[in-house]
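Notes follow the structure.
The values are calculated or read from the model by the stated rules, or taken from the named source; none is laboratory data. As the structure is a computational prediction, the values presented were derived from the model and not from experiment. Cβ placement follows ideal geometry from the backbone for every residue including glycine, while neighbour counts extend to all protein chains displayed. Note: accessible area is taken over every heavy atom of the protein model, side chains too, but ligands, DNA and RNA are not part of it. Shrake-Rupley method; radii C 1.70, N 1.55, O 1.52, S 1.80 Å.
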Amino acid sequence: MHAMQADKEHHFDEFAGEKEHQFQGSGRNLIIRTYEDFMQNAIGGVVTRASKDLARWATEVPKDWHGCQTVELGSGCGLVSSALLRMGAHIVATDLAEILPHLEYNISLNAYSGCDEWHVQALNWDSSSVRAKDRAALRSKLGSSGADAIFAANCVYTRDTVGMFLKTLKALSGPDTLALMCGVPVPPAMLQDGETSIVDAFLSACPRFFDSYLLEVPGSLEDDEDEPRESKYSPLALQLARPHGLRVSALADGIWLFKLPGCPCPSWLRPLLVLESTFGTS
C-alpha cells in the first residue's frame, strides 16, 4: 500500500510546482514561467504538449504580436497567453471560473511590473446555460472586429464538444481574425466499431464554419505503430491525410488555422492541407 501511494505521489510530482519554458525564433528568446498543480486543477493545472506547440509556433512565426488583441480558450496554466503577453499582445485568458485563480497567478508570473494589458475571464463554452452569455460578454469587449487572434489547445475532447467549440471560435472572430488550435484526441483503444472518432467529427464539422488550414505538424511525420488503429476509426482523416503523405495523428496533433469563409489566409503562411468551407452551399 505504501509503495503504491509513493508511486502515485511521484507520478503527480511531475505536474506540480514552478517550471520554466524557453521559446526561441524570429529573433525572440522567451522564458515563460508556469506553476502546475494537477491535484488541485486537473488538466487545467498542467502544461500540455499542445500548449507548448502553440506557444512555440507563436514565437517562431514572422508576425509582430505587439498591440494585437488575443484570446485564449481553455487557458489552464496560461502558457500561450503568457508568451503572447511577453511579445506585446493584449491578452484575454479564459477558462472555467474555478480555474481562474490558478490561471491569474500563472499570468502574473510573466507580466512585467505595472503591465495592465491582460486579464482573465470565465468562459464556459461547452455549457448551454451559460455559453451564450459568456460569449456575448467577451465579444462586447473585443468590439465589432473580433479578436486579432484566438488560441486554443486541447479544447476538443469529446465529439459533443466539437460544434460548441467551433461556434465559440466563430462568435469571437472577425474577417481578420487568426483562430488557431492544436490538440485533438486520436482514436482511443476502447472506441467501439461503428463509432466516429473525435478527429473525424472535428474534420467533418470544420467546413460548416470556416475555411480550415493545417499549418504545421509538430514532431515526426513518420509512420508509427498506432496508425492501423487510427485509420480504422478515422476514415475521413485517413482520406484527407494520405494524399499529403500525412498520418491520421498528424491531423489531430497539428496546428490548425480557421478563417471565416472567404477571408484570405495570410500570405506568410504555407498550409500543408486546406479544407474549404461549405457554409452557404447547398
Meets criteria (at pLDDT 85 or above and of a type outside the set (Phe, Trp, Tyr)) for Leu238: yes
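Among Ala93, Ala147, Ala132, which is of a type in the set (A, V, I, L, M, F, W, C) and open to solvent by 40 Å² or more (accessible area, probe 1.4 Å)?
After ruling out the rest, the residue left standing is Ala132.
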Test: residue in the stretch 62-82 that is under 19 Å from the mean Cα position of the chain (by Cα), on the phi > 0 side of the Ramachandran plot and open to solvent by 20 Å² or more (accessible area, probe 1.4 Å): yes
The stretch 117-137: number of residues that are at pLDDT below 80, assigned to a helix (DSSP H, G or I) and of a type in the set (A, V, I, L, M, F, W, C): 1
Failed criterion for Gly114 (all others in (1) in a loop (DSSP other than H, G, I, E, B); (2) touching a residue at least 60 places away in the same chain (Cβ under 8 Å) hold): (2)
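For (1) at pLDDT below 90; (2) out of contact with any Gly (no Cβ under 7 Å at 6 or more places or on another chain), each residue gets a yes or a no:
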| residue | (1), (2) |
| --- | --- |
| Met1 | yes, yes |
| Gln5 | yes, yes |
| Lys8 | yes, yes |
| Gly17 | yes, yes |
| Glu20 | no, yes |
| Gly25 | yes, yes |
| Val61 | no, yes |
| Trp65 | no, no |
Subset tally (residues that are at pLDDT 90 or above and open to solvent by 60 Å² or more (accessible area, probe 1.4 Å)) for the stretch 98-116: 4
Test: Ala42 is open to solvent by 20 Å² or more (accessible area, probe 1.4 Å), under 18 Å from the mean Cα position of the chain (by Cα) and either at positive phi or modelled with pLDDT of 95 or more (or both): yes
Selection within the stretch 68-90 - under 15 Å from Thr34 (Cβ atoms) and not small (Gly, Ala, Ser): Glu72, Cys77, Leu79, Val80, Leu84, Leu85, Arg86
Extreme residue, most open to solvent (accessible area, probe 1.4 Å), among residues of the stretch 170-208 that are of a type in the set (Gly, Ala, Ser) and modelled with pLDDT of 95 or more: Ser204
Looking only at the stretch 235-282, and only at residues there that are in a loop (DSSP other than H, G, I, E, B) and basic (Lys, Arg), the one that is nearest to Leu178 (Cα to Cα): Arg270
Filter result for Ser140 (assigned to a helix (DSSP H, G or I) and over 19 Å from Val47 (Cα atoms)): yes
